[in-house]
Amino acid sequence: MNISLPDTLKAFVDEQVVGRGYGTSSEYVRELIRKDQDRQRLRGLLLDGAESAPGAPADDDYFEGLRARARRAA
């Protein structure tokens, strides 16, 4: 796959590669794609959660129950 970039974007990518420790521009682009995939997955999970029925309230009793389960599991 080849990607054409205008000079200003190519210069930006080159700066990111040098400044952020990437070995090549391909590594930088792969990282951007991975982050976008993660962002899209998170967006999907948030939308699924927003469309779901409300759950039990996360009050003090809820968190104490979690702590008790964690203590028993340890």
Estimated vicinal HN-Hα couplings, Hz - the stretch 29-43 in sequence order (Karplus 6.51, -1.76, 1.60; Gly, Pro = x): 5, 4, 5, 4, 5, 4, 5, 5, 4, 4, 4, 5, 4, 4, 4
Residue with peak Gaussian network fluctuation, the chain [Cα springs, cutoff 10 Å], from ASP36, ASP48, ASP61: ASP61
Among [x] 3, 19, 33, 30, 15, 1; [y] 3, 12, 7, 9, 7, 7, 7, 5, 6, 5, 5, 4, 4, 3, 3, 3, 2, 2, 2, 1, 1, 0; [z] 3, 12, 12, 12, 10, 10, 9, 8, 9, 9, 6, 1, the entry that matches P(r) over Cα pairs in 5 Å bins from 0, in percent as calculated here: [z]
Karplus-derived 3J(HN,Hα), 6.51/-1.76/1.60, for each residue of the stretch 58-71, Hz, glycine and proline x: 8, 9, 4, 4, 4, 5, 5, x, 5, 4, 5, 5, 5, 5
Residue-wise HN-Hα coupling along the stretch 16-25, computed from phi with Karplus coefficients 6.51, -1.76, 1.60 (Hz; x: Gly, Pro): 5, 4, 6, x, 10, x, 6, x, 9, 5
Cα centre as origin, Lys/Arg/Asp/Glu Cβ charges: the chain dipole, Debye: 320 debye
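Where a number appears in this text, it was derived from the coordinates with a stated rule and is not lab data. In this text, all values refer to a predicted model and were calculated from it rather than measured experimentally. No Cβ is skipped: glycine too gets one built from the backbone with ideal geometry, and neighbour counts run over all protein chains shown.
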